[in-house]
Amino acid sequence: MKKYSLVVVGGGTAGCAAAYISAKYGLKTLLIEKNSYLGGSMTGGLVTPAMKSADLQINTEFFNEFIKKLNSKNAQITYFDGNIGWFNPEIAKIVLDELLINVGVDISLNTNIVRVDKYDKTIKSLFISAYEKIAVEDLSVPIETSDSNYKKGTLSTPIETILYSTNNLTTEIEADYIIDSTAAQVLCRNLGCRFIDDNDKKQPNSLRFIASGVDLDKFLPFILKLDKDRNATTGGYINGTVQLSTACTWDKTWALTPLFKAAVEEGVLKEEDTSYFQIFTIPGMPTSIAFNCPRFSKTAKEEDLLFSSSLIIKSRESIQRLILFCRKYFPGFENSYISSIAPNIGIRTSIRPLGRYVYTINDLKNGRTFDNPVLRSNYPIDIHSEKKEEAQLEKVMKEYQLPIEALQSADYNNLFFAGRSISCDFYSQAALRIIPSCFSMGEGLAKYLAKLSNS
Ligand SMILES: Cc1cc2nc3c(=O)[nH]c(=O)nc-3n(C[C@H](O)[C@H](O)[C@H](O)COP(=O)(O)OP(=O)(O)OC[C@H]3O[C@@H](n4cnc5c(N)ncnc54)[C@H](O)[C@@H]3O)c2cc1C
């Protein structure tokens with residue numbers, strides 16, 4: 001059995017910030033991640049750049065260290081608008097390893113939680129195991145076994161059917177505090193926690209990809225001339241390399257709209273491919289472009305999406321059409337090719353667990369202040385929708401704050417959450433989910449726990 005002050009489950013955006021700050025501030029910290037790399041949506045979802053947030057942001061220690069290290073590896077730029085959050089998602093994997101190891105976080109990759117022990121309202125210990133070993137055991141050992149080395153897990157989800165070994169295959173972890181930063185609320189679900197009841201509202205998801213072999217010096221003047229009013233385009237040279245961003249969505253008319261219409265008429269694209277198109281350059285990848293699309297217009301339940309091969313396959317078909325479109329309609333893309341498709345779907349909303357405080361859109365719009373805020377931001381309310389009239393990008397009038405209580409479980413004393421799935425309503429989540437805010441949540445929560453631990 002191993003003992004930690006803090007166990008962070010989910011090594012993604014918020015989880016990495018939490019683990020880093022926790023270890024830096026003296027807590028013995030374990031980070032558990034199901035994938036073989038850290039970063040979650042930022043790396044596995046190819047989500048880049050980190051959106052610009054408030055100038056007066058708080059809890060930015062991790063973000064600044066992340067950016068500094070990326071920059072030292074030629075994997076970050078500061079954009080024209082002063083946004084420091086333009087980064088390379090592949091190099092981010094390496095940077096996160098280095099940052100977290102340097103402050104002494106124990107990192108457990110490819111790891112699955114097979115059981116949770118609790119008493120009353122306190123989580124006592126977690127049992128973890130390597131994913132692959134579990135899969136092998138799962139296949140090779142019958143569910144009903146007389147082998148005394150095996151017994152059945154106590155969780156109530158698909159994990160329930162997994163048999164785990166009492167001989168070396170699992171490790172028991174005791175923890176004072178636990179953060180569920182899995183975004184899918186894996187722990188909260190399995191512990192029977194309560195959830196906020198507006199979870200029927202969903203935003204579409206996306207499968208992001210990268211195209212390489214792009215002549216950006218050729219594409220830049222084309223797009224700047226086409227979008228001469230700069231409605232959706234920014235671009236130019238930073239440190240001698242082209243950096244740009246452009247977009248086209250179906251709910252408005254943009255400079256690129258006639259090209260998309262022509263491509264649909266010609267059969268190069270399908271109507272559904274035109275719902276949302278956004279591209280960004282990537283620091284350190286001088287011939288590549290990151291696509292924030294295709295988007296799934298049909299919003300399904302997250303469970304359906306996570307397990308639905310058909311939606312993922314349809315998205316990959318769409319990616320093929322999009323690259324053909326770019327080759328045909330964008331000067332500079334003639335020799336471009338798909339170089340990477342995100343291993344993970346990009347999911348915008350999730351079920352949200354009930355915390356000691358439920359943050360609402362009114363708190364956000366009124367810029368309500370709190371005694372213990374974990375973040376300050378002014379990022380707009382950004383709702384993607386399959387219905388044109390429901391899509392929304394609403395600026396906020398005042399900077400807003402999020403209280404620590406929205407990250408504290410209402411059901412378990414030592415359970416916390418951070419990231420895009422926290423105790424808030426659907427509309428406020430649409431503003432809170434961006435990368436810098438997830439960083440601030442993880443950091444603010446870790447600082448709070450370090451203080452609690454030392455008091
Ligand atoms: C398509 C799309 C585009 C976006 N674009 C932008 C953008 O341009 N800029 C911006 O700032 N924000 C953007 N966002 C928002 C932002 O990327 C996410 O909201 C944010 O990164 C989520 O962080 P998180 O920590 O909550 O989850 P994640 O970063 O997804 O981390 C969750 C982690 O938990 C792990 N995990 C899951 N289950 C388990 C388990 N059972 N055991 C262990 N680990 C587990 C996952 O593998 C993952 O590493 C976008 C989001 C989407 C979906």
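The values are calculated or read from the model by the stated rules, or taken from the named source; none is laboratory data. Computed from a prediction, not measured in an experiment: that's the story for all the values here. Because the Cβ atoms are built from the backbone with ideal geometry, glycine has one as well, and the counts that use them run over all protein chains shown.
Could you please let me know if LEU216 is in contact (Cβ under 8 Å) with a residue 12 or more places away in the chain, of a type in the set (A, V, I, L, M, F, W, C), surrounded by 14 or more Cβ atoms within 10 Å (Cβ to Cβ) and more than 16 Å from the ligand (Cβ to nearest atom)?
Taking the combined requirement at face value, the residue satisfies it.
Please go through segment 39-49 and pick out each residue that is in a loop (DSSP other than H, G, I, E, B) and within 7 Å of the ligand (Cβ to nearest atom). Step through it out loud before you land on a result.
At the first step, the residues of segment 39-49 found to be in a loop (DSSP other than H, G, I, E, B) are 39, 43-49.
Passing the criteria: GLY39, GLY44, GLY45, VAL47, THR48, PRO49.
Listed here are the residues, each with its yes/no results for (1) within 18 Å of the chain's Cα centre (by Cα); (2) on the phi > 0 side of the Ramachandran plot.
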| position | (1), (2) |
| --- | --- |
| VAL358 | no, no |
| ASN362 | no, no |
| GLY367 | no, yes |
| ASN372 | no, no |
| HIS384 | yes, no |
| GLU399 | no, no |
| LEU402 | no, no |
| ALA418 | yes, no |
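Output the strands (runs of 3 or more DSSP E) that fall wholly within segment 135-230 and possess 3 or more residues being modelled with pLDDT of 95 or more, or say none. Don't jump to the end; show me each part of the working.
Values: elements: 150-152, 163-165, 170-180, 209-212.
In segment 135-230, the matching strands (runs of 3 or more DSSP E) lie at 170-180, 209-212.
Consider segment 417-435. How many of its residues are outside any helix (DSSP H, G or I) and more than 13 Å from the ligand (Cβ to nearest atom)?
Going through segment 417-435, the residues outside any helix (DSSP H, G or I) turn out to be 417-425, 433-434.
Now restrict to residues that are more than 13 Å from the ligand (Cβ to nearest atom): 423, 425.
Total meeting the criteria: 2.
Applying the selection to segment 1-38, what residues are hydroxyl-bearing (Ser, Thr, Tyr) and more than 12 Å from the ligand (Cβ to nearest atom)?
Correct list: TYR4, SER5, TYR20, SER22, TYR25, THR29.
Report whether or not LYS447 is more than 14 Å from the ligand (Cβ to nearest atom), under 27 Å from PHE66 (Cβ atoms), not hydrophobic (A, V, I, L, M, F, W, C) and not in a strand (DSSP E or B). I'd like the intermediate steps shown before the answer.
Details: more than 14 Å from the ligand (Cβ to nearest atom): yes; under 27 Å from PHE66 (Cβ atoms): yes; not hydrophobic (A, V, I, L, M, F, W, C): yes; not in a strand (DSSP E or B): yes.
Answer is yes for this residue.
Quick one: which residue in GLU399, GLU386, GLU334, GLU390 is touching a strand residue (DSSP E or B) at 6+ places or on another chain (Cβ under 6 Å) and either more than 26 Å from VAL9 (Cβ to Cβ) or surrounded by fewer than 16 Cβ atoms within 10 Å (Cβ to Cβ) (or both)? Steps first, please.
Numbers: GLU386 fails: touching a strand residue (DSSP E or B) at 6+ places or on another chain (Cβ under 6 Å); GLU334 fails: touching a strand residue (DSSP E or B) at 6+ places or on another chain (Cβ under 6 Å); GLU390 fails: touching a strand residue (DSSP E or B) at 6+ places or on another chain (Cβ under 6 Å).
Exactly one of GLU399, GLU386, GLU334, GLU390 is touching a strand residue (DSSP E or B) at 6+ places or on another chain (Cβ under 6 Å) and either more than 26 Å from VAL9 (Cβ to Cβ) or surrounded by fewer than 16 Cβ atoms within 10 Å (Cβ to Cβ) (or both), namely GLU399.
Please indicate, with yes or no, whether at least one residue in segment 290-307 is under 19 Å from PRO221 (Cα atoms) and at pLDDT 95 or above.
Scanning segment 290-307, I find at least one residue that is under 19 Å from PRO221 (Cα atoms) and at pLDDT 95 or above, so the answer is yes.
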